[in-house]
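**Q** First the structure, then my questions, so here it is.
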Amino acid sequence: MKLLERHCTHGAPALDPDAIRALLAQVPGWQAAGGSIEREFTFADYRATIAFVNAVATMAETENHHPDMRVGYRRCTLVYTTHSAGGALSANDFICAAKAGMLYDRGMAA
Ligand SMILES: C[C@H](O)[C@H](O)[C@H]1CNC2=NC(N)=NC(=O)C2=N1
């Protein structure tokens, strides 16, 4: 099933390096760094940045999986890791990365 069609699950296990490589290929623009993945998103202005932050926050509450966010004037970096897997990567991180990418693409089209 595609990442966009999946939902986060409670207690998702840490992934092995092969699984991480395979899932990373499905989320363009994201980079793995240790036990996390991150991507910087850029925007036309602060209003658009905050609209994205709010959309991601709503999605995080729906999925019960929450990114760290670094927010600037026209940029936002999302960092996903799975606390319950001991700070490792789980499928939940890639599911939310795909959904955040979709929210960004949608905002750009609007
Ligand atoms: C109890 C609740 O399911 C957990 O605290 C959720 C909430 N959001 C979370 N977010 C992230 N990034 N990792 C988690 O393990 C996590 N766990």
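The values are calculated or read from the model by the stated rules, or taken from the named source; none is laboratory data. Fair warning: this is a prediction, and the values are worked out from it, not measured in the lab. So basically every Cβ, Gly included, is an ideal-geometry build from the backbone, and we count neighbours across all protein chains shown. Calculation scope for accessible area: heavy atoms of the full protein, side chains included, ligands and nucleic acids excluded. Shrake-Rupley method; radii C 1.70, N 1.55, O 1.52, S 1.80 Å.
**Q** Please give the length that would be gained between residue 50 and residue 79 if that part of the chain were fully extended, namely 0.36 nm times their separation in residues minus their C-alpha to C-alpha distance (nm, one decimal).
**A** Working: separation 29, 0.36 × 29 = 10.44 nm, distance 1.64 nm.
This chain segment gains 8.8 nm when fully extended.
**Q** I've got another one for you. Can you compute the helix-only [θ] at 222 nm over the chain? Use -39500 (n - 2.57) per DSSP H run of at least 4 residues, normalise by all residues, nearest 500 deg cm²/dmol. Mind showing how you got there, number by number?
**A** Values: 3 runs with 45 residues, N = 110.
So the calculated ellipticity at 222 nm is -13500 deg cm²/dmol.
**Q** Would you work out the charge dipole size for the chain about its Cα centre, treating the Cβ of every Lys and Arg as +1 and the Cβ of every Asp and Glu as -1, and quote it to the nearest 20 debye?
**A** Working: 10 positive and 11 negative charges, 60 e Å.
Here the chain has a charge dipole of around 280 debye.
**Q** Here's a follow-up. Write down Rg/Rh for the range 36-110, rounded to two decimals, with Rg from the C-alpha atoms and Rh from the Kirkwood relation over Cα pairs. Provide the component values of the computation, followed by the final result.
**A** Values: Rg = 12.0 Å, Rh = 12.4 Å.
Rg divided by Rh gives 0.97.
**Q** Also: In whole Å, what is the distance between the alpha-carbon centres of the range 59-110 and the range 1-31?
**A** Between the Cα centre of the range 59-110 and that of the range 1-31, the gap is 12 Å.
**Q** OK, next. Summarise the accessible area of the chain (1.4 Å probe, protein heavy atoms) by the percent that is carbon and sulfur.
**A** On the way: 3350 of 6330 Å².
Within the chain, the accessible surface is 53 percent carbon and sulfur.
**Q** How far, in degrees from 0 to 90, does helix 91-109 lean away from the longest principal axis of the Cα atoms of the chain, to the nearest 10?
**A** 20
**Q** Something else now. Can you give me the accessible area per residue for the range 36-110, using a 1.4 Å probe, in Å²? Write out the running numbers ahead of the final one.
**A** Numbers: 3750 Å² over 75 residues.
Roughly 50 Å² per residue, with all protein chains present.
**Q** What is the range 36-110's relative contact order, in percent, from Cα pairs under 8 angstrom and six or more apart in sequence?
**A** After rounding, I find 36 percent.
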